[in-house]
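Student: If you scroll down you'll find the structure; I have some questions about it.
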Amino acid sequence: MKKVSTIGLDLAKNVFQAHGADSSGAVIFRKKLRRTQVLEFFAAQSPCVVAMEACGGSHFWGREIGKFGRRRAGRHVGHEIIGADQRGIISEGERVRQHEEGAGDPS
């Protein structure tokens, strides 16, 4: 099984969408999560970068998910990407991860 390096989390009121990708950007999983399942899901994941859209809830979820030792992307994904799909969130998270590891510029 491939290792997840980035999880893109699309936030919502009740049902969230989590998309996991490997370091090449290939999608490994897509999962619907109810609000009550989010923390349990992240507790079971291996360490990775978590990218999410920029909104008021992202600060709360970033802190809660960070308690499990997951790295949040250094900046939040802009709202314009969200309209397309969660692949945009994953792509931005990968750019940030690569930049943090010294592999390039995140812009």
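Please treat every number below as a calculation from the coordinates, not as lab data. From a predicted model like this one, the values you see are computed outputs, not experimental measurements.
Student: Which of the lysines could a cross-linker span from Lys32 if the Cα-Cα distance has to be under 21 Å and same-chain partners fewer than 8 positions apart are dropped?
Tutor: List returned: Lys2, Lys3, Lys13.
Student: Show log10 I(q)/I(0) for the stretch 1-59 at q = 0.15, 0.19 Å⁻¹, two decimals, from a solvent-free Debye sum over equal Cα scatterers.
Tutor: After summing over all Cα pairs, the log10 values are -0.41, -0.66.
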